[in-house]
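Right, one structure below, let's go through it.
The values are calculated or read from the model by the stated rules, or taken from the named source; none is laboratory data. All figures in this text were calculated on a predicted structure; none of them were measured in a lab. Neighbour counts run over all protein chains shown; Cβ positions are idealised from the backbone, glycine included.
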């Protein structure tokens with residue numbers, strides 16, 4: 001009976017909800033962001049995909065991940081957002097997607 005009870009507890013564990021949003025940006029490719037209620041987001045731009053963790057920001061929402069010497073950052077506020085690469089000093093190196101608006 002103990003094994004059955006443990007199995008039932010595992011089956012009842014909550015599943016993280018995901019919320020996909022498609023952003024139309026200034027470039028040719030849209031950005032797809034799959035927000036999770038666990039504080040993470042998967043960002044897809046063309047053939048590239050990034051798994052990011054939410055970070056503290058004074059305004060809007062920011063998700064980031066380390067890529068060796070660089071960081072990829074998705075920032076959104078309201079319906080707008082952009083995707084950038086930053087160096088370790090926090091300087092923007094490249095803007096991968098700009099002027100993004102949620103559809």
| request: Of all residues in the stretch 22-31, count the ones that are part of a strand (DSSP E or B) and either buried (at least 16 other Cβ atoms within 10 Å of the Cβ) or under 9 Å from the mean Cα position of the chain (by Cα) (or both). | output: 2
| said: Considering only residues that are surrounded by fewer than 12 Cβ atoms within 10 Å (Cβ to Cβ) and touching a strand residue (DSSP E or B) at 6+ places or on another chain (Cβ under 6 Å), which ones fall in the stretch 60-86? | reply: 60, 79
| Can you pull out the residues in the stretch 4-26 that are over 17 Å from residue 79 (Cα atoms) and modelled with pLDDT of 55 or more? | 14, 15, 16, 17, 18
| Residue under evaluation residue 38, criteria (1) under 17 Å from residue 87 (Cβ atoms); (2) modelled with pLDDT under 95, criterion not met | (1)
| Counting just the residues of the stretch 49-76 that are modelled with pLDDT under 95 and closer than 19 Å to residue 101 by Cα, which one comes out nearest to the chain's Cα centre (by Cα)? | 61
